[in-house]
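Below: the structure, in structure tokens.
The values are calculated or read from the model by the stated rules, or taken from the named source; none is laboratory data. Given the structure is predicted, the values throughout are model-derived calculations rather than measurements. Cβ placement follows ideal geometry from the backbone for every residue including glycine, while neighbour counts extend to all protein chains displayed.
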Amino acid sequence: MRKRVSIALGIVILAIVSSVLLAPAPPRVPVTGDLSAKEVMCIMRLVRADLRREILPALSWDDLKDLPNTFRRYRSERVSSIEVLTNGTVQVWCWRDSSETYGSLYTLRRERDGWRITESGRLVPSGIVF
């Protein structure tokens, strides 16, 4: 019985990983301000990695049961815009739906060794939750 469960879990994880890796390229994101293509790529990689962390935060049974829902939320959340602010930081807006009611907001700062996420928050209809 334990062997069947581990095989089934392995197949599910393999299917999820392969669908993430074989997903089509995301559409171009509008950038407000002056950023190179390499910087935009680095920022997008950091934000997507942070969003991915929410898929399986801990290896517990509750997280495994909720895996389809969290994976669906991850796949539906899209980076909608990147804005360069006057203080040298960058804000990245991610929306989960077209009505722009649920999503994420990231603030990044350039440091010596690259970009780093300094703040992140969830966007819900009542406001921003940091």
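List the pairs whose first member sits in the range 74-93 and is of a type in the set (D, E), whose second member is assigned to a loop (DSSP other than H, G, I, E, B), and whose Cβ atoms are under 7 Å apart, counting only residues at least 6 apart or on separate chains?
From the range 74-93, the pairs are E77/R96; E83/G33.
For the range 81-109, which residues satisfy the criterion of being small (G, A, S) and surrounded by fewer than 16 Cβ atoms within 10 Å (Cβ to Cβ)?
Matches in the range 81-109: S81, G88, S98, S99.
Of the residues in the range 53-88, how many are of a type in the set (K, R) and either under 21 Å from G10 (Cα atoms) or over 17 Å from the mean Cα position of the chain (by Cα) (or both)?
4
Of everything in the range 53-66, what is more than 22 Å from V124 (Cβ to Cβ) and crowded, with 16+ Cβ neighbours inside 10 Å? Give them in sequence order.
Result: L56, single match.
Looking for something modelled with pLDDT under 75 and surrounded by fewer than 16 Cβ atoms within 10 Å (Cβ to Cβ) - is there at least one such residue anywhere in the range 39-51?
Checked against the condition, which is being modelled with pLDDT under 75 and surrounded by fewer than 16 Cβ atoms within 10 Å (Cβ to Cβ), the range 39-51 yields no hits at all.
If I filter the range 54-65 for residues that are touching a helix residue (DSSP H, G or I) at 6+ places or on another chain (Cβ under 9 Å), under 19 Å from T107 (Cβ atoms), at pLDDT below 85 and not aliphatic (A, V, I, L, M), do I get at least one hit?
The answer is yes, given that some residue of the range 54-65 is touching a helix residue (DSSP H, G or I) at 6+ places or on another chain (Cβ under 9 Å), under 19 Å from T107 (Cβ atoms), at pLDDT below 85 and not aliphatic (A, V, I, L, M).
Give the residues of the range 58-87 that are among the hydrophobic types (A, V, I, L, M, F, W, C) and in contact with a strand residue (DSSP E or B) (Cβ under 9 Å, 6 or more places away or on another chain), sorted by residue number.
V79, I82, V84, L85, listed by residue number.
If you take the residues of the range 36-52 that are without any contact (Cβ under 8 Å) to a residue 24 or more places away in the chain and over 9 Å from the mean Cα position of the chain (by Cα), which of them is nearest to N69 (Cα to Cα)?
Selected residue: M41.
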